[in-house]
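Novice: I'd like to ask you about the structure that follows.
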Amino acid sequence: TLGRALVAGMALMPVSSKESELEAKLDGETASDSESRTEPAPPPAPADDTPEVLNRALSNLSSRWKNWWVRGILTLAMIAFFFIIIYLGPMVLMIIVMCVQIKCFHEIITIGYNVYHSYDLPWFRTLSWYFLLCVNYFFYGETVTDYFFTLVQREEPLRILSKYHRFISFTLYLTGFCMFVLSLVKKHYRLQFYMFGWTHVTLLIVVTQSHLVIHNLFEGMIWFIVPISCVICNDIMAYMFGFFFGRTPLIKLSPKKTWEGFIGGFFATVVFGLLLSYVMSGYRCFVCPVEYNNDTNSFTVDCEPSDLFRLQEYNIPGVIQSVIGWKTVRMYPFQIHSVALSTFASLIGPFGGFFASGFKRAFKIKDFANTIPGHGGIMDRFDCQYLMATFVNVYIASFIRGPNPSKLIQQFLTLRPDQQLHIFNTLRSHLIDKGMLTAAAEDE
Amino acid sequence: ETDIDDRYGDLDSRTDSDIPDIPPSSDRTPEILKKALSGLSSRWKNWWIRGILTLTMISLFFLIIYMGSFMLMLLVLSIQVKCFHEIITIGYRVYRSYDLPWFRTLSWYFLLCVNYFFYGETVADYFATFVQREEQLQFLIRYHRFISFALYLAGFCMFVLSLVKKHYRLQFYMFAWTHVTLLITVTQSHLVIQNLFEGMIWFLVPISSVICNDITAYLFGFFFGRTPLIKLSPKKTWEGFIGGFFSTVVFGFTAAYVLSKYQYFVCPVEYRSDVNSFVTECEPSELFQLQSYPLPPFLKAVLRRETVSLYPFQIHSIALSTFASLIGPFGGFFASGFKRAFKIKDFANTIPGHGGIMDRFDCQYLMATFVHVYITSFIRGPNPSKVLQQLLVLQPEQQLNIYKTLKTHLIEKGILQPTLKV
């Protein structure tokens, strides 16, 4: 059923529910734009996507509980799906990330079409997908060149493609740009520029994030799983805390969020992150960077775990010592990093959610799409993840590892000989200064 | 009280016809010029103003080239800020959102963040020696991405907190407008500066080719123009386009020949810590050394020579001029379409007779990116100082490993001679 839901049609009109009517009243919204004009050819309106099976099973319950059950079942289905994919390995994960990205792009672009009634603008749908293809080609090319370096060097056509990769990507983009300019039609200039801007902003949001996710994934599956689970956990925990203890509203933008939910969600997520990192740090398949093995022609996750994933003794500060009664505690250093990740997920992640709420209110839509019954579109599920992927990537680059050594060697090998010599000599003096090399030993 | 977002619903209408015009800004022609030209008729007066301003701009350009790379960098930065300001002001006028709370502050803040990020990534590489000395700068460089991201996030959160109930759509539009403008102006200007550091010739030849194409296409169109080129710009003609193409290629070829002789233009810009300034001194690379090329037979007959001495760079200049003449105009058409879409005559009224800074730079838009991509793909690989900087940041064990690998490689290639034991 989930598979069917995922590939279900292009939806925009939301499933109405008591919640949306309440929100609309709170907002004092007037009739939406689409109702005040005649639309020549709107995109096909979708039907209720809830599978028949569920509909029949829950037909007895009242509408409110039915909605709750549908949401609950779909949540469990998505989580189960998540576990299955993790089991299937990095390659499948990459493909799933790619599909999610395409679906998010499609949802946002469809909203743009609806807002501007521009569904039948000439060329525009083609151009949007073309730009998506170009930007993906550029990013995947850069990633593939880094991680599959040996494979790429072996095959002649791949080597040329990778050497001139930027030029080829730029040419492809330029072609799209020129097509856009040539497609400008007299009475539709503004619309076309709006859609052009809309497409580019969407690409900026959706495609860059998804590539950062894949970079994180290649660093080690744990860097993919822990952040995403923290955001999901924060979502669920904040909702629960808000449901049971919620009293003070948090922000005018989302009237259902409360301070109790926010703070409760924060602490719950930090604890969850600590526990999850403890469990996962024990397994090589999560902790090791993903590498492409030339001999077996597949991805392997096998390595000596780095210091980050080895148990170490930490002294407990005095104040907690008296509470717990232990002198030291054994933890993985990664767990300390997970506190930073969970904190970000709980404090700043919600801003991504508020941004999406503001966006939905600005364009008077209830959900991004109707792909997942009870939950809305894919974007609705991933709006909080928006900033998380960038944060994790920046965090890794700044605090965990420096630049990628093999990539540096690659870049070095493409330099001119005199430049190589200059760098080599500078490195040599630097190492001698640091005492890693002795000048005498070097001359042998 | 109607939702302000609904009032601007007409902005999303299907056709452009019901969009009101934006009131034009005042005429800023200086008084001197007005008095001097008061005798002439209106059409010639306009022509003279344009001519005088063109010559002024070209002289200013030469003056700044003479003053050196640092001044050029500052010039590029000022132009970038002015372009950003012009485009943002158009956005304000279109959406009548000049008094949206916070928005002006946020736009400038984002401009600052993105500039900080780019300058940190690119320019810091060139100041590597300077930076190694100062402790605080070391810290800033090491955690640069994190700091830039934190700054951007602060702006993002401020935006979310500043969302006001009846203005959501307007605020999102301005947010997107700001980001697209940043994407266009700031990334281009940084690519221009990176090209500049590669050697002033990589900055001068492309920009002059675009300017030359503008001028010669106009002249050819003025004298020979007959067949219209594109509905978007009715004044452009095929004759102008093709004539401009050939003249620009010849111009680029000649300019490349003249400039390739001087180390000042040809050498990569480096920052010397001893003299605390930029120097352009080096052994010119092969690209800038005269080589003999055998002429193909038909040219042999025409020119009656066996070979010709050319700088290899001149061949590259043909590629650059071709791009400037064929694809550069698309940048101009894009800007024309943009002005028509928002019913404005010029981006601003900064330069009398010419319009705003963006009007002068619209064709340059794609050129800078093309030159940068061209250089990284065909001329040189990655930036050596950046590679060095990254090497120095690694863990000592990693550095040692890399050192050993490099040593083996260099010895294999014969670049490094294995020293003999005495």
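The values are calculated or read from the model by the stated rules, or taken from the named source; none is laboratory data. Keep in mind the model is a prediction, meaning the values are calculated, not measured. Please note: Cβ atoms are built from the backbone with ideal geometry, for glycine as well, and neighbour counts cover all protein chains shown. Note: accessible area is taken over every heavy atom of the protein model, side chains too, but ligands, DNA and RNA are not part of it. Shrake-Rupley method; radii C 1.70, N 1.55, O 1.52, S 1.80 Å.
Novice: Go through (1) crowded, with 21+ Cβ neighbours inside 10 Å; (2) not in a helix (DSSP H, G or I) for A:P255 and report which single condition fails.
Specialist: It is condition (1) that A:P255 fails.
Novice: Moving to a separate point now. Within the range A:230-251, take every residue that is within 21 Å of A:L387 (Cα to Cα) and surrounded by fewer than 20 Cβ atoms within 10 Å (Cβ to Cβ) and give me the one that is farthest from the chain's Cα centre (by Cα). Working first, answer last.
Specialist: Going residue by residue through the range A:230-251, those that are within 21 Å of A:L387 (Cα to Cα) are A:230-239, A:250-251.
Pick out the ones that are also surrounded by fewer than 20 Cβ atoms within 10 Å (Cβ to Cβ) and you get A:236, A:239, A:251.
Details: A:I236: 18, A:Y239: 21, A:I251: 25 Å.
Ranking the qualifying residues of the range A:230-251, first place goes to A:I251.
Novice: Identify, please: which residue in the range B:235-269 is open to solvent by 90 Å² or more (accessible area, probe 1.4 Å) and more than 30 Å from B:L290 (Cβ to Cβ) and is, among those, modelled with the lowest pLDDT?
Specialist: B:K235
Novice: Look at B:F220 and say whether it is among the aromatic types (F, W, Y), part of a helix (DSSP H, G or I) and either more than 23 Å from B:S309 (Cβ to Cβ) or without any contact (Cβ under 8 Å) to a residue 60 or more places away in the chain (or both).
Specialist: Spelling it out, B:F220 is indeed among the aromatic types (F, W, Y), part of a helix (DSSP H, G or I) and either more than 23 Å from B:S309 (Cβ to Cβ) or without any contact (Cβ under 8 Å) to a residue 60 or more places away in the chain (or both).
Novice: From the list B:F253, B:F245, exactly one residue is within 25 Å of B:F338 (Cβ to Cβ) and touching a residue at least 60 places away in the same chain (Cβ under 8 Å). Which is it?
Specialist: On the way: B:F253 fails: within 25 Å of B:F338 (Cβ to Cβ).
None of the other options fit; the residue is B:F245.
Novice: Kindly check whether there is at least one residue in the range B:273-296 that is closer than 15 Å to B:S208 by Cα and surrounded by 12 or more Cβ atoms within 10 Å (Cβ to Cβ).
Specialist: Our first condition is that a residue be closer than 15 Å to B:S208 by Cα; within the range B:273-296, this holds for none.
No, the conditions are met nowhere in the range B:273-296.
Novice: Among (1) within 14 Å of another protein chain (Cβ to nearest Cβ); (2) not in a loop (DSSP other than H, G, I, E, B), there is one condition A:E304 misses while meeting the rest; what is its number?
Specialist: Only one criterion is unmet by A:E304, namely (2).
Novice: Say we look at the range A:107-136 and pick out the residues that are away from chain B (no Cβ under 13 Å) and either in contact with a Pro (Cβ under 7 Å, 6 or more places away or on another chain) or open to solvent by 40 Å² or more (accessible area, probe 1.4 Å) (or both); which of these is modelled with the lowest pLDDT?
Specialist: Looking at the filtered set, the residue picked out is A:P122.
Novice: Does the range A:205-226 contain at least one residue that is away from every other protein chain (no Cβ under 14 Å), touching a helix residue (DSSP H, G or I) at 6+ places or on another chain (Cβ under 9 Å) and not in a helix (DSSP H, G or I)?
Specialist: yes
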